[in-house]
Amino acid sequence: MQKISIIIPVYNERKTLEEIIAKVEAAPVLGLDKEIVLVDDGSTDGTRDILRKFEARHHIVYHQKNQGKGAALRTGFMEATGDIVLIQDADFEYDPGEFPKLLQPILENKADIVYGSRNLQRNPRFRRSYYWGSIIISKMTNLFYGCHLTDVYTCYKAFKTPILKKMK
């Protein structure tokens with residue numbers, strides 16, 4: 001594997017956008033070439049003006065109207081050219097410095113898909129009700145689908161691209 005595509009869905013993120021792009025650009029990716037794909041999902045707060053400054057460095061796609069995060073991700077997946085695809089939200093709920101934790105199992109051929117988890121250690125940003133709701137939903141998902149996830153709703157996901165392409 002030689003290249004990672006980092007998909008960043010964006011919607012009205014002008015306050016955090018430049019900083020998250022800088023952090024993703026600087027984030028370690030274990031020797032892989034890095035492609036950053038930003039998908040603006042119809043932002044109306046000036047985000048698009050900021051994105052235009054990055055068009056020479058990164059692949060940017062603009063949705064004309066808001067279609068939701070899922071649509072932005074699907075667009076990003078179609079545009080990705082890397083061997084691995086990783087999802088990074090444009091806010092700061094997740095730290096791009098943790099990319100190696102997601103990539104290592106894939107690069108060592110121990111996994112085809114890796115999910116991050118906000119529930120493996122105490123997270124002061126979580127309200128108690130959100131934490132317990134996440135635990136209950138994750139346990140139900142594991143029961144019904146035979147998986148072993150600790151945070152079903154996590155943003156941090158990394159996929160081998162061929163696996164992702166099969167998931168249409």
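Which of 146, 156, 105 sits closest to the plus end of the dipole of the chain, meaning its Cα is farthest towards the positive end, when Lys and Arg get +1 and Asp and Glu get -1 on the C-beta? Positive-most Cα among the choices belongs to 146.
The HN-Hα couplings worked out from phi for region 37-50 by the Karplus form 6.51 cos²θ - 1.76 cosθ + 1.60 (θ = phi - 60°) are 10, 9, 10, 7, 9, x, 4, 10, 9, x, 4, 4, 4, 5 Hz, whole numbers, x standing for Gly and Pro.
Please compute the net charge surrounding residue 3, taking Lys and Arg as +1 and Asp and Glu as -1 over other residues with Cβ under 11 Å from its Cβ.
Around residue 3, the surrounding residues sum to -2.
Taking 26 Å as the straight-line reach from the Cα of residue 69, the lysines in range (excluding those fewer than 8 positions away in the same chain) are 3, 15, 23, 34, 53, 101, 139, 157, 160, 165, 166, 168. Report which label in (i) 63, 28, 26; (ii) 47, 36, 35; (iii) 44, 37, 29 holds the value of Cα extents along the principal axes in Å derived from the coordinates of this structure. Answer label, from the structure shown: (iii). Near residue 83, the amide H atoms lying under 5 Å from its own belong to 2, 3, 4, 5; only residues 5 or more places off or on other chains count, and H is placed 1.01 Å from N.
Within the chain, antiparallel bridges make up roughly 25 percent of the DSSP beta bridges whose residues both belong there.
Would you compute, from DSSP H runs of 4+ residues alone, the mean residue ellipticity of the chain at 222 nm, taking -39500 (n - 2.57) per run and dividing by the full residue count, rounded to the nearest 500? The partial results should precede the final answer.
Working: 6 runs with 60 residues, N = 168.
Helix-only estimate at 222 nm: -10500 deg cm²/dmol.
Take the Cβ-Cβ distance between residue 143 and residue 93 as r, set R0 to 22 Å, and report the resulting FRET efficiency rounded to the nearest 0.05. Before the final figure, lay out each step's value.
On the way: r = 26 Å, r/R0 = 1.20.
My answer for the efficiency is 0.25.
Computed over the chain, relative contact order equals 27 percent, with contacts defined as Cα pairs under 8 Å that lie 6+ residues apart. The candidates 55, 13, arranged from most to least accessible area with a 1.4 Å probe in the full protein assembly, appear as 55, 13. Of the residues 44, 150, the one with the largest accessible area comes first in the ranking 44, 150, computed with a 1.4 Å probe on protein heavy atoms.
The values are calculated or read from the model by the stated rules, or taken from the named source; none is laboratory data. What you are looking at is a predicted structure, and each value in this text was computed from that prediction instead of being measured. Here Cβ is always computed from backbone atoms with ideal geometry, including for glycine, and neighbour counts include all displayed protein chains. All accessible areas refer to the heavy atoms of the entire protein, side chains included, with ligands and DNA or RNA removed. Shrake-Rupley method; radii C 1.70, N 1.55, O 1.52, S 1.80 Å.
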